[in-house]
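Worksheet for the structure shown next.
The values are calculated or read from the model by the stated rules, or taken from the named source; none is laboratory data. What you see is a predicted model, and the numbers here were worked out from it, not measured in a lab. Heads up, the Cβs are rebuilt from the backbone with ideal geometry, glycines too, and the neighbour counts pull from every protein chain shown.
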């Protein structure tokens, strides 16, 4: 069996960035018919990277607790809201209800066919992403804690205005209006920041993102989220 990273995925988060969820529910198949049995995550190593939409160029946090429970693979981690702008945006999208899913990226080690899909009994877990639409409908954020009594939109906007205008804004396309609006807002900020220097930003992919996009489009990567 060739190594192939696969993407699967309830979820809560607070203003401090603490996030809890079920990355994979046991006992039911995902949208393509795959079932992952309890015990399959036994070799998972911590900490695990927390990605936005399985984009290796957008690490937004870290998972430092995982446990196989009766409900499923329960995870706890931290969005790096003090240091990563995209982490703050992900937190805002979760609070707004635009994003509520989790999805796992793994390499299958042992699996057997079933009527529709597979039964996976062993795997290597590589990452867990926050996503808009998880492969498993039960993979959801369950809690996101809050440190501040109220949001501060003016401060958030000021931070975005001061972000590096050369930072890549072409994040992977997710079929949610909230994400598209945030991406458009970032594009406008980049264009505004570039005007004084007379630079026209055409938005080419960075080499790292192109490589990852090609990887997604290739046959060795099964993107299920």
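Does residue 168 qualify as being assigned to a loop (DSSP other than H, G, I, E, B), at pLDDT below 90, over 30 Å from residue 30 (Cα atoms) and over 22 Å from the mean Cα position of the chain (by Cα)?
no
Can you confirm whether region 31-51 contains a residue that is under 17 Å from residue 98 (Cα atoms), in contact with a helix residue (DSSP H, G or I) (Cβ under 8 Å, 6 or more places away or on another chain) and at pLDDT 85 or above?
no
What residue, among those in region 56-94 that are under 17 Å from residue 11 (Cβ atoms) and out of contact with any strand residue (DSSP E or B) (no Cβ under 7 Å at 6 or more places or on another chain), is surrounded by the fewest Cβ atoms within 10 Å (Cβ to Cβ)?
For region 56-94, the residue satisfying everything is 69.
Closer than 15 Å to residue 124 by Cβ, within 16 Å of the chain's Cα centre (by Cα) and surrounded by 20 or more Cβ atoms within 10 Å (Cβ to Cβ): which single residue out of 53, 44, 40, 23 fits that description?
Unique residue meeting the criteria: 23.
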